[in-house]
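The values are calculated or read from the model by the stated rules, or taken from the named source; none is laboratory data. Small disclaimer: the values here were computed from a predicted structure and weren't measured. A quick note on method: Cβ atoms are made from the backbone with ideal geometry, for glycine too, and the neighbour counts reach across all protein chains shown.
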Amino acid sequence: MMNMEFERKLTIPKETKEMYPVTPEMAEIVKQRAAEISDIFSGKDDRLILIIGPCSADNPDAVLDYISRLRKVQEQVKDEIFIIPRVYTNKPRTTGAGYKGLLHQPDPGAKPDVYKGIIATRELHMRALKETGFSCADEMLYPDNHRYLDDLLAYVAVGARSVENQEHRLVSSGLDIPVGMKNPTAGDLSVMMNAITAAQHGHSFIYRGWAVHSKGNPYAHAIMRGYLNKHGQSLPNYHYEDIAHLAELYASGEFANPAAIIDTNHANSGKNPLEQPRICKEVLSMRRYNNDIKKLVKGFMIESYIEDGAQKIGEGCYGKSITDPCLGWEKSERLILEIAEML
């Protein structure tokens, strides 16, 4: 007997997609953006990728407001930068407590409702695509749930707490969009590199009740997000020596399209979002100095929202994170324009 209550049977992805279908025009945007992103990761396109947006997509209207602002900036920097908005609808929790994202709680002030959450996540990604022309990034916290969004997403991240998990690695090997593997919270890069190796090769495994065979994902890559030492102190891994070491790890194996995204928040910033502009500029200087690092570092992951900082659930500040603190819009817009000037 299991010590849990089975509340309700959820709709399967096929049923959800039939209720909320993607139009041919929307599908074409997803396809075109996917081709452009693949060209950047393969080195055919030398634009920089910015995966930028709120820590968690807690308020759909505020998220769409934010993404609409990104669209205007994207037009100004389209020759230098390719923007992928962060629309993170499910959040890992270190102890299991706290807000777990739109998927669990469409209304952060109400009780969890996963059925409504599945609908809310699909609706939000569809609105972003339809209203702004952006296909977006999300974290693959639950590999089974990827099928609810696989016709909408541009990019997937596997988090620092999930990167060693076998199911995350195998499902990533069957995706046709880039998957970023974060280094684990303890910082061991071999764990991340093993995840990339697994994701880049084909496998046979069980997925959603099916026996499946994946072909491998040539665009699985590293995300450097900093780490915690044995005393729980945040330490960065975006410095020159760190990226040079990552390049050596790639060179010592057989990897398709070696690539890295630098996460400018989390342990790299000590969760101080105001450090993110400085980190971006330091890495951009490294790219100018060393052509191998320029080829390896494809872009940044930046936590940004309308208002600086973070708030508690229920405090009611529009466009302010209820999870990790973010960089506010004015600073974010300035940063995007400054990055474009530095390229």
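For the stretch 265-317, the set of residues classified as assigned to a loop (DSSP other than H, G, I, E, B) and either of a type in the set (Lys, Arg) or crowded, with 18+ Cβ neighbours inside 10 Å (or both) consists of 265, 271, 305, 306, 307, 308, 312, listed by residue number.
Kindly establish whether residue 299 is under 16 Å from the mean Cα position of the chain (by Cα) and under 25 Å from residue 222 (Cβ atoms). Show your work before the answer.
On the way: under 16 Å from the mean Cα position of the chain (by Cα): yes; under 25 Å from residue 222 (Cβ atoms): yes.
For residue 299, the condition - under 16 Å from the mean Cα position of the chain (by Cα) and under 25 Å from residue 222 (Cβ atoms) - is met.
Considering only residues that are of a type outside the set (A, V, I, L, M, F, W, C), within 23 Å of residue 297 (Cα to Cα) and assigned to a helix (DSSP H, G or I), which ones fall in the stretch 27-46?
So in the stretch 27-46, the residues of a type outside the set (A, V, I, L, M, F, W, C) come out as 28, 31-33, 36, 38-39, 42-46.
From what is left, the residues that are within 23 Å of residue 297 (Cα to Cα) are 32-33, 36, 38-39, 42-46.
If the condition is that a residue be of a type outside the set (A, V, I, L, M, F, W, C), within 23 Å of residue 297 (Cα to Cα) and assigned to a helix (DSSP H, G or I), then 32, 33, 36, 38, 39, 42 are the ones that fit.
The set of residues from the stretch 50-70 being acidic (Asp, Glu), buried (at least 24 other Cβ atoms within 10 Å of the Cβ) and modelled with pLDDT of 95 or more is empty. The sole residue among 101, 159, 133, 109 that is more than 18 Å from residue 16 (Cα to Cα), under 13 Å from the mean Cα position of the chain (by Cα) and of a type outside the set (D, E, K, R) is 159. Within the stretch 323-338, the set of residues being outside any helix (DSSP H, G or I) and among the β-branched types (Val, Ile, Thr) comprises 323 only. Taken together, 227, 240, 207 contain a single residue that is in contact with a helix residue (DSSP H, G or I) (Cβ under 9 Å, 6 or more places away or on another chain), of a type in the set (Phe, Trp, Tyr), within 27 Å of residue 115 (Cβ to Cβ) and modelled with pLDDT of 95 or more, which is 207. Being part of a helix (DSSP H, G or I), touching a helix residue (DSSP H, G or I) at 6+ places or on another chain (Cβ under 7 Å), of a type in the set (Asp, Glu) and over 24 Å from residue 242 (Cα atoms): is that true of residue 341 here? It is false that residue 341 is part of a helix (DSSP H, G or I), touching a helix residue (DSSP H, G or I) at 6+ places or on another chain (Cβ under 7 Å), of a type in the set (Asp, Glu) and over 24 Å from residue 242 (Cα atoms).
Counting residues in the stretch 140-163 that are assigned to a helix (DSSP H, G or I), over 19 Å from residue 61 (Cα atoms) and free of Cβ contacts under 8 Å to residues at least 40 places away in the same chain gives one or more.
Out of 116, 130, which single residue is surrounded by 14 or more Cβ atoms within 10 Å (Cβ to Cβ), free of Cβ contacts under 8 Å to residues at least 12 places away in the same chain, out of contact with any Phe, Trp or Tyr (no Cβ under 9 Å at 6 or more places or on another chain) and not in a loop (DSSP other than H, G, I, E, B)? Quick ask: steps written out before the conclusion?
Working: 130 fails: free of Cβ contacts under 8 Å to residues at least 12 places away in the same chain.
Being surrounded by 14 or more Cβ atoms within 10 Å (Cβ to Cβ), free of Cβ contacts under 8 Å to residues at least 12 places away in the same chain, out of contact with any Phe, Trp or Tyr (no Cβ under 9 Å at 6 or more places or on another chain) and not in a loop (DSSP other than H, G, I, E, B) holds for just one of 116, 130, which is 116.
Only one of the listed residues (174, 232, 216) is touching a Lys or Arg at 6+ places or on another chain (Cβ under 8 Å) and either assigned to a loop (DSSP other than H, G, I, E, B) or modelled with pLDDT under 95 (or both). That residue is 174.
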